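First up is the structure itself, then whatever we jot down about it.
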Amino acid sequence: MDDLLSGCLAFRLGSAFRRVDRLLNRTLAPIGLSHAHAQVLSCLLAGGELRVTDIAHRTGFEQSTVSRLAQELARRKLLRRRKHPDDGRASLYRPGVRAEGLRDEIHAILQKTEERLRRDLPRGDLEGFRKIIRFMEQLP
């Protein structure tokens, strides 16, 4: 029988994700963000004002996770919340002034981390990897 930990693509991807997640958490810690917080903030910094469902769709997080992260970021004044004008049950989130101030730092940290991850990958492998990621992002 094959070793499921080393032979199962899903297990290997999960393991790789957790390693990258730890790397990002370490590199973002000096500015007081986790990988998940930075991903939600980056989504809002790029997309303006969004609903939890929109953020969840773009990040791949569960809506309940986005709600929790958004509440934490709002308490820290990194994002702002207002009621959706057309749907009283929904809220809209946008970056707060403090988040705008972190934009360049987040970008620099992510750029440096990205360079580290790309450094040893041959260009063809990187393009293939991007293709695989695009495919996986379409999974339900």
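Quick notes on this structure:
- By the beta-carbon count within 10 Å of each Cβ, the least crowded to most crowded order of V97, V52, fewest first, is V97, V52.
- Each Lys and Arg adds +1 at its Cβ and each Asp and Glu adds -1 at its Cβ; summed about the Cα centre, region 17-136 shows a dipole of about 260 debye.
- ³J(HN,Hα) computed for each position of region 72-84 - Karplus, 6.51 cos²θ - 1.76 cosθ + 1.60, integer Hz, glycine/proline x: 5, 5, 5, 4, 8, 6, 8, 9, 10, 10, 9, 5, 5
- In the chain, helical runs assigned H by DSSP with n ≥ 4 each contribute -39500 (n - 2.57); averaged across all residues and rounded to the nearest 500, the mean residue ellipticity at 222 nm is -21500 deg cm²/dmol.
- Neighbour-count order for L126, L9, L41, L102, fewest beta carbons within 10 angstrom listed first: L9, L126, L102, L41
- Applying both filters, DSSP loop and at most 12 other Cβ atoms within 10 Å, to the GluC sites (Glu not before Pro) of region 46-140 gives E62, E137.
- If you take all other residues with their beta carbon under 12 Å from the beta carbon of E137, and give Lys and Arg +1 and Asp and Glu -1, the sum is +4.
- The alpha carbon convex hull volume per residue for region 17-136 rounds to 116 Å³.
- For region 1-47, with +1 on Lys and Arg beta carbons and -1 on Asp and Glu, the positive-most of A16, S6, A36 along the dipole: A36
- Centroid-to-centroid, using Cα positions, region 84-140 and region 1-62 are 9 Å apart.
- Counting neighbouring Cβ atoms within 10 Å and putting the fewest first, the residues I31, I133, I55 line up as I133, I31, I55.
- Close amide H contacts of S91 (hydrogens built in the peptide plane, cut-off under 5 Å, sequence separation of 5 or more or a different chain): V52, H84.
No lab work stands behind these numbers, since they all come straight from the coordinates. No experiment lies behind these values; they were computed from the predicted model shown. Positions of Cβ are backbone-derived with ideal geometry, glycine not excepted, and every protein chain shown enters the neighbour counts.
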